[in-house]
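All remarks here apply to the structure that follows.
The values are calculated or read from the model by the stated rules, or taken from the named source; none is laboratory data. Computed from a predicted structure; not experimentally measured. With ideal geometry, Cβ positions are generated from the backbone for all residues, glycine too; neighbour counts draw on all protein chains shown.
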Amino acid sequence: MEGERTYLLGPRERSGLIAGWRVGQVAMIGSGCGAGLICVAVSSRAPGFLMALLFVVSGGALGTLPIRGRSVDEWIPPLLAYARIHGTSSQDLFRVTPGVTLGYPEEIGLIEDNAGTFSVVLFVESSGIALLTGQAKDARIDGFITALSSLARERPVIDCVSWSMWTTASEPGERYRDLRKRSENATQESSQSYRDFLEEVGRVGVSRHVAITLRMSSKRIQDSSVSLVDEAHALSRALRESGHPSVSIASASEIIDLFDHHPGCRSHRGDASTQISFEGTSHFTMLECDNKLVNSWWIMEWPKFEVTAEFLAPLVLGDTSRTISVVVELVPPSVALRRAQSAKTSGVADQELRRRGGFLLDRRRERESGHLENREAELIDGHGSLRIVGYVAVTADDDASLQSKISETELAGAQAHLGLLRLNGDHLRGYLATLPLARGLP
């Protein structure tokens, strides 16, 4: 649409030890060079030099060449995770407690996990943003961004926020009621187009559900005079004022029902709280739970150019098997500025090392350098800083269906200009990160 507002997410942060190389890469290459020196010291003849050359080349290859999207040092964490949890596993995820037991209104549900963090879940009505006029669309986006930025103050109460979306099957009558409600703020052309689409698909349709999770640590609860629920109310008010039609804080029973509908999750009701656990079998290439097969991805690259508010549409407009979650870390302004200045200094030093080594500065690094300059200027001007990470998961009934959904999801990711990395060896972590728990930050 002409004149539609666009947004730039910026490149992924890449921290390195020397010239942008990670610690694992330096260790691999250094080990190869060290083994080569030992070979030369032991034997100065041709076989010794050949072995030294073989070790140096092997170390360089292991440290730089990717294997299915990861270098060898990046494969070590998922392989260790798979070795620890492979096979049938059962683990307690969290407890759900009615807020009344902690002095809050009874209808509010609190999530407490084993790490000592507390969370609340906000249900947001799926907004159908593509049907809105440009002004209404911009108002909703601005309201959400402003609300998140206000949470990232110098002494934040909230550690992180997650946005989760999943789908369920819907009946035609429900979809037409939804159309009438959305048409109040939509253009006539978009409403008619959506009505024609509903008539064409007949009984095939899905309902999309959106949840926003706010999480804080127990330490912040003790140090802050502002409560987690106060922040949830403030965020829900900001979202309603920006045009979101319905925002509500989930009760304990609603949270339990929500997780009971996710494969592998089990609820065990007690006197004062309900324990939610996970049961499933971890395989290297998939996760199996409740006779469902699950595959998960990490969004390792976001679009490198300006995009509209609907850039995730190819993934969001999937069937009932797909779940998406975006986790946001709220960075205090002083910490964000210090990180930006450190990254800028490190980037300049890395560029100088590469120049001295005879390496050219490629286009990607030029863009990252420009982004660091812009980010530092924005932080000095008073803008907030958010660190984001995204996950996608699909479920299927059998292996053939799973492979088909994997291909569809990776195609949808490419259409959304995302870089998806399949979490082989660590699908359990990826699947749990897509649930409305505000987990998954590295």
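Say we look at the range 193-247 and pick out the residues that are farther than 23 Å from Glu112 by Cα, surrounded by 15 or more Cβ atoms within 10 Å (Cβ to Cβ) and hydroxyl-bearing (Ser, Thr, Tyr); which of these is modelled with the highest pLDDT?
Ser242
For Leu386, state whether it is out of contact with any Ser or Thr (no Cβ under 6 Å at 6 or more places or on another chain), surrounded by 14 or more Cβ atoms within 10 Å (Cβ to Cβ) and at pLDDT below 90. Steps first, answer last, please.
Working: out of contact with any Ser or Thr (no Cβ under 6 Å at 6 or more places or on another chain): yes; surrounded by 14 or more Cβ atoms within 10 Å (Cβ to Cβ): yes; at pLDDT below 90: yes.
Yes, satisfied.
Does Leu62 fit the bill of being surrounded by fewer than 13 Cβ atoms within 10 Å (Cβ to Cβ) and free of Cβ contacts under 8 Å to residues at least 60 places away in the same chain?
It is false that Leu62 is surrounded by fewer than 13 Cβ atoms within 10 Å (Cβ to Cβ) and free of Cβ contacts under 8 Å to residues at least 60 places away in the same chain.
Might you check whether a residue that is part of a helix (DSSP H, G or I) and under 30 Å from Ala252 (Cβ atoms) occurs anywhere in the range 405-424?
No.
Counting only residues that are part of a helix (DSSP H, G or I) and among the polar types (S, T, N, Q), which one in the range 24-50 is surrounded by the most Cβ atoms within 10 Å (Cβ to Cβ)?
Ranking the candidates gives Gln25 first.
If you take the residues in the range 425-442 that are of a type outside the set (A, V, I, L, M), part of a loop (DSSP other than H, G, I, E, B) and within 13 Å of the chain's Cα centre (by Cα), which one is surrounded by the most Cβ atoms within 10 Å (Cβ to Cβ)?
Per the criteria, the residue is Pro436.
In this structure, does Thr274 turn out to be under 24 Å from Asp399 (Cα atoms) and in the same structural domain as Asp397 (by TED's automatic domain parsing)?
Values: under 24 Å from Asp399 (Cα atoms): no; in the same structural domain as Asp397 (by TED's automatic domain parsing): yes.
Criteria not met by Thr274.
In this structure, does Leu402 turn out to be part of a helix (DSSP H, G or I), at pLDDT 90 or above and of a type outside the set (Ser, Thr, Tyr)?
yes
If Val100 passes every condition in (1) in contact with an Asp or Glu (Cβ under 8 Å, 6 or more places away or on another chain); (2) in a helix (DSSP H, G or I); (3) touching a residue at least 24 places away in the same chain (Cβ under 8 Å) but one, which one does it miss?
In the conditions (1) in contact with an Asp or Glu (Cβ under 8 Å, 6 or more places away or on another chain); (2) in a helix (DSSP H, G or I); (3) touching a residue at least 24 places away in the same chain (Cβ under 8 Å), Val100 misses (3) alone.
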